[in-house]
Amino acid sequence: MKFTCFIFIFLTVEWGYTQISSTLLKTLENNESYFIKEVDVNKDGILDKVVSSEKYKGNELYFFVNKNGIYELALKSINFSEDGGRIIEEIRKQDKKEVLQILTFFPDGGMDKAIYDVDYKDGDWILTNTRYITKYWQEDYKKTYICDVKQGLLMKELVHTEKAGQIKQIPDSGDRDSHCKVDFEIKKNQRGLLDYNGVYELTGRNECRFKIKLEDNKFDLESNSRKESGAVEVSKENEEIFFLFRVEDSSRNLETKTEFRGEYKDSSILIQNYGNSENPFSQLEECEDKYLVLKRTS
């Protein structure tokens, strides 16, 4: 008899919770202050419903799990909108291991975005990573910082102010060059050609202090042992971009013109400095490293 009563009470509670979930979902669906996305939030292959406050309408987030056509509230959390800061932009499915991404942006111009990765594991939804994307205008190009910050916070706990305060933010401006990926937007000039103008400096511990300045189809080179200038030719092979540097004037008083090559990738010039026994060559003798990376700095 006691077991039968327990089952009855359990079913009554379940039915009541289902009714409450259904009523809440209908209320949110009929409220213009919220939008709904269909996403498989618990990785069971069935589309569930994600409900979020609209832009400027709040910071609420709900997951309703689809159980045989009946949607039950499984999570109440935040959509990462901030008072006076970034606000919700969209929620999108994620093809990778995470179940979804929540995108926020700063609405008053410029580029200031945050992308929050949410995963499902062991019955909980977890904020795993935040990608901060910030862009600054400098001279005639845009410099973009892309900073991935690991989180590891339970979504259900972020409704509490003290827990939300544990979300790690973008690194300080003085640390971003070393902790974040830096991209430079490559514009097209009036002739429709890509513009690579800028200064590229050698990274790493190499002692040769190597620097190249590109301006249109000319370059200036400076190291700890020479200064050179000349013409640069740009070519494209299978979506890869290559530079051919032809030295025309050198502090070394060269009797013959020399040249060296590099690949353009991720706002940097990559140079294989020397070859091997089967393919011997040498490009920049004063630098000992086999691979040189000149990162765009201005």
Check: From the set of residues in the stretch 95-123 that are exposed (fewer than 14 other Cβ atoms within 10 Å of the Cβ) and free of Cβ contacts under 8 Å to residues at least 24 places away in the same chain, which is farthest from residue 57 (Cα to Cα)?
Finding: 122
Check: Which one of the conditions (1) outside any strand (DSSP E or B); (2) at pLDDT 85 or above; (3) of a type in the set (Phe, Trp, Tyr) does residue 245 fail to meet, given that it meets all the rest?
Finding: (1)
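The values are calculated or read from the model by the stated rules, or taken from the named source; none is laboratory data. The shown structure was predicted, so the numbers you read here are calculated from the model rather than taken from an experiment. Reconstructed Cβ throughout: ideal geometry from the backbone, glycine too, with neighbour counts over all protein chains shown.
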